[in-house]
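Structure record follows, encoded as structure tokens.
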Amino acid sequence: MLQTASETRSETHGKFIWCELMTSDTEAAGRFYSSVLGWSLNAMPMGEGDAYHLFQIGEGDKCPGIGGMMKIPTEMAGSMPPNWSGYVAVDDVDRTAREFEENGGTVHRQPEDIPQVGRFAVVADPHGAVLNIMTPLPMDDMPPPPPEGAPGTVGWHELYAADLEEAFEFYSRIFGWTKDSDFDMGEMGAYRLFSEHGKQTGGMMKRPEEIPMPCWVYYFNVESVEAAIGWVRAGGGQVLNGPMEVPGGGWIAQCTDPLGAFFCLASMQK
């Protein structure tokens, strides 16, 4: 039976706060996303290992970061394909990791600290879709975030679920997400819009047959989807679907980068 702790949640619990790319070639991936999304890169040394790269909007150390990139660890290179994953803020990582397990999910990486950043864990819902959860440390010197919807920012979070109702109930209990509305997609079933603290932030749907397993998908804002997919192709990526108009007047495209990581584009104009 689904269960969660009864403590009152903060206004940041359940909020998507970061996106991260794990890839086999950070140099090639960095060039690609810089050309498609206009990001600049800021390499941060990680001891004796490979650097962690910040994706930033603008130039200079004080530009807002929207995500990061790191090389797939050598020991996982054969089993983990390049992929994007999201981070969701929670009030207590250890408690939320236990709640994932208690409600049928999995903890792939037990909670641990990232010095000067916060405490995180890698988890999966009962159907296997993977997320990162984090309790970030206060960072008063961080630059202000870019305007909502600005090119290069993460604009939408989408879950391909094995069972829509089961998945929504799970995340609703763990993160406090609420149902916004359902859109009828005919034979594909319902597309559920969900909100975090009253703000519409993503959607869920039953996993399409061509998607091999339940997963989370991330949409990046661009000024024009049609223009952006030109850069995708020029940079060696593939456009799997789109440009396609969606309800509300927006346009999307589904793509893979040259290393194989799946990502999506979104804009209000074609």
Extended-chain gain in nm, criterion 0.36 nm per residue less alpha-carbon gap, GLU102 and SER172: 23.7 nm
Cβ-based net charge around ILE72, under 15 Å, with every Lys or Arg adding one and every Asp or Glu removing one: -4
Helix-derived mean residue ellipticity, 222 nm - over the chain, DSSP H n ≥ 4, -39500 (n - 2.57), to 500: -5000 deg cm²/dmol
Förster radius 25 Å - calculated FRET efficiency between ASP25 and MET46, Cβ distance, rounded to 0.05: 0.90
Three-way shape label, the range 103-247, alpha-carbon gyration tensor, a/c 1.5: oblate
Cα-based Rg and Dmax for the chain, where Dmax is the largest Cα-Cα distance (Å): 18.0, 53
Gyration tensor verdict on the range 7-110 (Cα atoms; rounded if a/c is under 1.5, prolate if a/b is larger than b/c, oblate otherwise): oblate
Ordering of 246-253, 190-197 by burial proxy (mean other Cβ atoms within 10 Å per residue, highest first): 190-197, 246-253
Part-to-part distance (alpha-carbon centres) for the range 179-232 and the range 145-159, which is given in Å: 13
Under 26 Å between alpha carbons - lysine pairs in the chain that sit 8 or more apart or on different chains: 9
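Every number in this text was worked out from the coordinates using simple rules, so none of it is lab data. The structure displayed is predicted, hence computed values, not measured ones. No Cβ is skipped: glycine too gets one built from the backbone with ideal geometry, and neighbour counts run over all protein chains shown.
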